[in-house]
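First up is the structure itself, then whatever we jot down about it.
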Amino acid sequence: THEVTRSVACTTSMQLERSWWRKKVPAFMLVLGIIGLMSHNVLTRTPPVPVVSDATVTTEGELITTYDADTGPFACAGASAGLAPGTGDGTTWRCIGGACIGAAQKCDGIPQCRDSSDEQACSGSASAGNMPSVGVPATGSSSGVAPTGSSSSSSSSNSNLGGAWGSSTGNTNDYGGMSAGSNPAVAPPPAPAPAPVLPVPTPGPAPPGSSSSNSISFPKASSYQPPPPPESSGGTNCFEKAGVTYAEAWRAQGTGFWDKFDYMTNDENFMPIQYLTREAAQEKQVTVAYEDRAILRAGPRAGHLKRTSAKVVTKQKWTYFLMAAKLNHVPWGCGTWPAFWTRSPDVAWPNGGELDILEYANEIASRSSLHVGVANKCTLDQSEFRKPGCPQFIEAEFNYTGDSNCVTHYPEAIGCAPNHLPLMTGEEMAAQPIIMAAEWTKDFIKIFRIPAAQAPPDLEAGTPTPDQWDQFIVAYYPFAASERNNPGSCPNSANLLKAQQLVLQLGFCGDWGAKVWLNSTCANNKGPALPSECVAVDPHNPMGEQIAGPRDCCTRFITDEQNQYGADEYLRQNAYFDVAW
């Protein structure tokens with residue numbers, strides 16, 4: 001039992017549902033100290049969608065690369081057009097459903113055909129025509145946190161996939177893994193998969209610019225940020241205070257790091273990606289845990305125009321908390337879309353709420369953002385984070401011109417993001433270890449970015465008091481004060497978000513990174529030439545282009561099927577989370 005100066009029991013009952021929120025579901029180790037400040041009753045309504053347990057998939061296209069039919073860019077052409085379904089010629093194999101795939105992809109353990117016929121009638125255990133194995137849910141319990149002078153309570157947690165994943169051993173200079181306790185400058189990824197033999201259709205000349213609407217949405221370079229506003233000192237009551245001393249209630253660290261998480265395989269962002277199950281991620285060393293760190297990295301290619309990665313989510317959820325994660329390295333670079341965020345397992349996105357603690361794509365600087373639905377609407381009062389003599393926060397959405405309305409409905413409404421400038425890019429954050437922390441109370445949310453070398457002594461002592469960390473605040477959401485100042489602007493501030501899980505993921509391209517490729521420094525620097533060889537495809541406005549298809553610049557670079565662009569080595573060097581705790 002842990003005690004805290006002020007708080008009530010933190011319920012940890014959890015339902016892991018299939019997610020219908022807008023984004024990703026990642027996770028990483030992380031938290032030195034999630035503590036509940038208010039009891040939370042688990043919702044008892046029937047989930048609107050089937051429950052997903054780790055690798056379990058309920059729709060065929062959720063986990064595997066599929067080919068729609070024998071028409072379109074993957075149509076059987078030339079000699080392959082004469083192949084009978086279910087046969088091959090050494091170069092191409094034709095699915096029972098009619099589409100053609102590379103012969104090397106037949107019986108490789110990863111279904112490519114929509115009907116999975118390429119993984120049927122295979123010899124050997126790796127290709128038995130079945131989907132990857134599914135973890136067996138395990139049941140456990142976790143203790144809550146009680147206020148001083150009260151008894152603690154506990155509740156059962158429907159956690160799945162128990163079982164430890166120990167540290168790997170092997171040569172630290174190759175893809176075989178690292179010995180426990182090693183400290184590589186670069187996280188070694190798994191061995192690259194052979195380039196598929198399926199020819200990439202040769203794109204014709206692209207129209208000038210891009211298929212996307214980003215010339216309107218992002219008129220400036222995607223890395224643009226305005227100069228920080230002038231600041232002065234001497235202000236008072238710059239931030240609201242919780243008046244709480246926290247005690248640790250949950251931790252992920254060491255060789256059992258990934259045991260605290262479930263693996264999600266869905267993608268809601270039109271990415272050229274295959275998120276792996278726990279078993280596959282461990283086999284391919286996309287997620288690895290050592291005594292002193294946990295690694296989540298870009299994996300090898302998987303089928304046509306797909307690359308593997310992982311998205312993990314905590315098995316527990318919390319209402320109100322302080323969380324902290326020490327990140328030795330964060331992913332960065334063209335085509336990457338890393339995110340460390342929270343989501344509700346009980347209420348569909350965005351009504352359950354979403355807090356982005358760290359998120360960015362390509363060379364765009366990281367920013368925090370908050371997303372809610374109309375049912376729990378909230379517009380922040382910008383005067384609360386622009387007080388004279390206090391740190392100044394700028395609304396980072398809509399090219400730094402947003403109105404701080406946190407209601408989200410893409411692409412018209414994209415949430416609120418009051419951030420302190422200058423924002424840091426992934427490359428800048430990866431240069432030295434940092435601690436990312438988030439405090440959520442009934443009145444506000446604060447995001448902290450702390451250089452690990454300046455870690456507050458109270459945090460290291462295990463009794464963090466974030467009221468004393470004002471100098472490290474990089475995003476501030478004063479929803480209760482906004483409602484007091486403007487009644488009706490944030491009417492349900494104490495319940496703005498439902499109980500949240502922590503998510504860590506590494507995505508690629510999609511409806512952010514691919515869309516802004518045209519206006520990024522990645523264009524004509526990485527991957528094929530734009531506009532002569534590719535276009536920047538906006539999934540929300542593709543204008544006839546195939547989303548995450550063979551003409552999309554970002555997808556072509558990230559998947560690099562012909563090993564033309566050096567993507568494997570580029571990602572090996574840059575695209576990985578290294579989490580201490």
Inset, instruction - Determine whether segment 548-561 contains at least one residue that is surrounded by fewer than 19 Cβ atoms within 10 Å (Cβ to Cβ) and in a loop (DSSP other than H, G, I, E, B). - result: no
Legend entry - First in segment 324-338 and within 22 Å of residue 439 (Cβ to Cβ), second anywhere and β-branched (Val, Ile, Thr) and part of a strand (DSSP E or B), Cβ under 6 Å, 6 or more apart: 324/435; 326/435; 327/434; 327/579
Legend entry - Breaking point among (1) closer than 21 Å to residue 229 by Cβ; (2) of a type in the set (Val, Ile, Thr); (3) buried (at least 21 other Cβ atoms within 10 Å of the Cβ), for residue 379: (3)
Inset, instruction - Answer yes or no: is there a residue in segment 531-543 that is under 19 Å from the mean Cα position of the chain (by Cα), of a type in the set (Gly, Ala, Ser) and crowded, with 24+ Cβ neighbours inside 10 Å. - result: no
Legend entry - Some residue of segment 525-544 being in contact with a strand residue (DSSP E or B) (Cβ under 9 Å, 6 or more places away or on another chain), polar (S, T, N, Q) and in contact (Cβ under 8 Å) with a residue 24 or more places away in the chain: no
Legend entry - Subset of segment 247-281 [within 25 Å of residue 307 (Cβ to Cβ) and small (Gly, Ala, Ser)]: 280, 281
Legend entry - Positions within segment 562-581 being touching a Pro at 6+ places or on another chain (Cβ under 7 Å) and either open to solvent by 30 Å² or more (accessible area, probe 1.4 Å) or of a type in the set (Phe, Trp, Tyr) (or both), in sequence order: 568, 572, 576, 577
Inset, instruction - Please identify the pairs in which a residue from segment 225-250 that is under 18 Å from residue 478 (Cβ atoms) has its Cβ atom under 8 Å from the Cβ atom of a residue that is small (Gly, Ala, Ser), counting only partners at least 6 apart or on another chain. - result: 235/389; 236/389; 238/389; 240/480; 240/481; 244/7
Legend entry - Residues of segment 491-530 satisfying the condition of being assigned to a loop (DSSP other than H, G, I, E, B), open to solvent by less than 20 Å² (accessible area, probe 1.4 Å) and closer than 27 Å to residue 324 by Cα: 496, 497, 499
Inset, instruction - Collect the residues in segment 382-398 that are open to solvent by 10 Å² or more (accessible area, probe 1.4 Å) and more than 12 Å from residue 416 (Cα to Cα), keeping them in residue-number order. - result: 383, 384, 386, 387, 388, 389, 391, 392
Legend entry - Residues of segment 322-372 satisfying the condition of being out of contact with any Lys or Arg (no Cβ under 6 Å at 6 or more places or on another chain) and either open to solvent by 10 Å² or more (accessible area, probe 1.4 Å) or among the acidic types (Asp, Glu) (or both): 326, 328, 329, 332, 348, 350, 351, 356, 359, 363, 366, 367
Inset, instruction - Scan segment 442-470 for residues that are crowded, with 21+ Cβ neighbours inside 10 Å and over 19 Å from residue 419 (Cβ atoms) and jot them down. - result: 459, 464
Legend entry - All positions within segment 403-436 that are free of Cβ contacts under 8 Å to residues at least 40 places away in the same chain, open to solvent by 50 Å² or more (accessible area, probe 1.4 Å) and in a loop (DSSP other than H, G, I, E, B): 403, 412, 431, 432
Inset, instruction - For residue 439, indicate whether it is of a type in the set (Asp, Glu) and in a strand (DSSP E or B). - result: yes
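The values are calculated or read from the model by the stated rules, or taken from the named source; none is laboratory data. The structure presented is a predicted model; accordingly, all values stated were derived computationally and were not measured. Ideal geometry is used to build each Cβ from the backbone, glycine not excepted, and the neighbour counts take in all protein chains shown. For accessibility, only protein heavy atoms count, side chains too; no ligands or nucleic acids. Shrake-Rupley method; radii C 1.70, N 1.55, O 1.52, S 1.80 Å.
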